DNA sequence: GTTGCCGAGTTGCTTTTTTAACCGGGTCAC
DNA sequence: GTGACCCGGTTAAAAAAGCAACTCGGCAAC
């Protein structure tokens, strides 16, 4: 697959994971504002400059999990099979995410994932930074969809739909329901929303 | 104690341990000659030059466990209390090693330790290199004991005694006896040998 | 006998990391 | 208000690690 990695690359990836995991676990335990980057660096056993070489800001220590999905929508559109509408490809992709309970769809009842979502959306600076990521995502999707205002409009609408769907799912799960229980409604909602997009 | 170590020192120590442990465990499993330094570097997840930065030769990958005791005899003599004969200090030190079943006294029946001794003494290049360590140790002890041929002679005799004692203990344990069982004889032998040194 | 390979070490160059010091904003004490 | 700290983030220099390519000796194929 993507295995022939050298020593250097492997260690970098491990360092990155160590920092990110240490950060998230500390944030979940004590709250975003009560944990300093020094604490995180110490927990991950790296120096402060190293930490910032991997993550440009404190917020990114949390949001890298979203950043991993950065540009995903654009990629889905670009790599869709011939004769398939962009919206259809995105719809299928979202449903696939739903089926495998991908956290980005909001349909995941794993306690850690729930706590993580709570952390992100109840911490202002994180929510704020997240919208910046979404803007870039929107830009990329617009590029993949074509040119002009039309493309931008459609990109914005698609992503808005996805955000609403994810948020809705998350609320249901925050109410105490299980992912499996919510799944049918989530699929129905998605089908409705994407259908209306066309 | 010796805790206030920086990040750098801590990681260096860990790397050193990782290399040394990987080497010894591979050697014990496959034999000294059937394991290449490349294998060890790979197992320890370091590059070959890094390995050689920590250990000058392949043999030292095994012998660092002895090297840790390098100059110990000299130190014991130098740090002995006032009014105490050097030989007495060394005698006490050896007996203390016996009591805590220090591997260097040969009085340790831990299977891994036994296998390790077997590895060292049945691999010619290792045994050879080990004598070089012992020579340096002898030199240091001679320095601590005074000047001239007298000091050298006494140093050589003391270390010879220690080697014989350790070897004897090891043989007994190699015969299947336990360290606790052998202990009284080992102490008696040591008392006899050190007494005769005076 | 020479060609090719393997294993122990080495060498130079680049990348990564640590260290310590710093900046600028915020906060709390006095 | 001002001085002392904490926090997010940066900088420069030096240590350490990785990589690739090398030497040198041994050994086996042909």
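Taking only C-alpha pairs under 8 Å that are 6+ residues apart, what is the relative contact order of region A:7-58 in percent?
Reported relative contact order: 36 percent.
When all alpha-carbon pairs of region A:36-101 are counted, what percent fall beyond 18 Å?
55
Could you identify which residue out of B:117, B:30, B:64 has the top mean-square fluctuation in a GNM of chain B using Cα springs shorter than 10 Å?
B:30
By Cβ position, which chain B residue lies least far from the axis that rotates chain B onto chain A, and what is the distance to the nearest whole angstrom?
B:11, 6
Run through all the Cα pairs of region A:2-62 and give the fraction in each 10 Å bin from 0, expressed as whole percent.
Using 10 Å bins, I get a P(r) of 23, 52, 19, 5, 0 for region A:2-62.
With a 10 Å Cβ neighbour count serving as the proxy for reagent exposure, in which order, fewest first, do B:82, A:47, B:36 appear?
B:82, B:36, A:47
Report, in deg cm²/dmol and to the nearest 500, the calculated mean residue ellipticity at 222 nm for chain B, where each DSSP H run with n ≥ 4 adds -39500 (n - 2.57) and the sum is divided by the residue count.
-24500 deg cm²/dmol
From a point 7 Å beyond the Cα of residue B:33 in the direction of its Cβ, which residues of region B:51-67 have a backbone N at a distance under 19 Å?
B:58-63
Could you list A:107, B:130, A:165 in order of exposure, starting from the residue whose Cβ has the fewest other Cβ atoms within 10 Å?
Ascending Cβ contact count within 10 Å gives the list B:130, A:165, A:107.
By how many degrees, 0 to 90 and rounded to 10, does the Cα axis of helix B:148-174 deviate from the longest principal axis of chain B?
Its long axis makes an angle of about 70 degrees.
So the label point sits 7 Å from Cα along the Cα-to-Cβ vector; using that for residue A:178, what distances do you get to the other copies, in nanometres, sorted shortest first?
5.2
Using every pair of alpha-carbon atoms in chain A, split the distances into 10 Å bins beginning at 0 and state the percent of pairs per bin, rounded to integers.
Per 10 Å bin, starting at zero, the Cα-Cα P(r) for chain A comes out as 8, 30, 33, 23, 6, 0 percent.
Using a label position 7 Å from Cα in the Cα→Cβ direction, what is the ascending list of nm distances from residue B:92 to the same site in the other copies?
8.3
For each of A:121, A:94, count neighbouring Cβ atoms within 10 Å of the residue's Cβ, then give the residues from fewest to most.
A:121, A:94
Taking a point 7 Å out from Cα toward Cβ as the label site, list the nm distances between residue B:118 and the same residue in every other copy, smallest first.
From this label point to the equivalent ones elsewhere in the assembly: 5.7 nm.
What does a probe at residue B:78 reach in region B:132-151, counting residues whose amide N is under 16 Å from the point 7 Å along Cα→Cβ?
B:136-147
I want to make sure I understand the PRE zone here: with the label point 7 angstrom from the Cα of residue A:167 toward its beta carbon, which residues in region A:106-140 have backbone N atoms less than 16 Å away?
Correct set: A:106-107, A:117-135.
How far, in degrees from 0 to 90, does helix A:86-99 lean away from the longest principal axis of the Cα atoms of chain A, to the nearest 10?
It is inclined by approximately 50 degrees.
Quick one: Kirkwood hydrodynamic radius for the protein assembly as shown, alpha-carbon pairs, angstrom, one decimal?
Roughly 27.2 Å, rounded to one decimal.
7 Å from Cα along Cα→Cβ at both residue A:7 and residue B:68: what's the point-to-point distance in nm?
In this crude label model, residue A:7 to residue B:68 measures out at 2.3 nm.
When Cβ neighbours within 10 Å are restricted to other protein chains, what is their mean count per residue of peptide A:51-62?
For this peptide, the per-residue mean of nearby foreign Cβ atoms is 0.
Relative to the longest principal Cα axis of chain A, at what angle does helix A:7-30 sit, 0 to 90 degrees, rounded to 10?
Here the helix axis deviates by roughly 90 degrees.
At a threshold of 8 angstrom on Cα-Cα distance, excluding pairs fewer than six apart, so keeping six or more, what relative contact order does chain B reach in percent?
Across chain B, relative contact order equals 23 percent.
Every number here is computed from the coordinates shown, using simple stated rules; none is lab data. If you're wondering where the values come from, they're calculated on a predicted model, not measured in any experiment. No Cβ is skipped: glycine too gets one built from the backbone with ideal geometry, and neighbour counts run over all protein chains shown.
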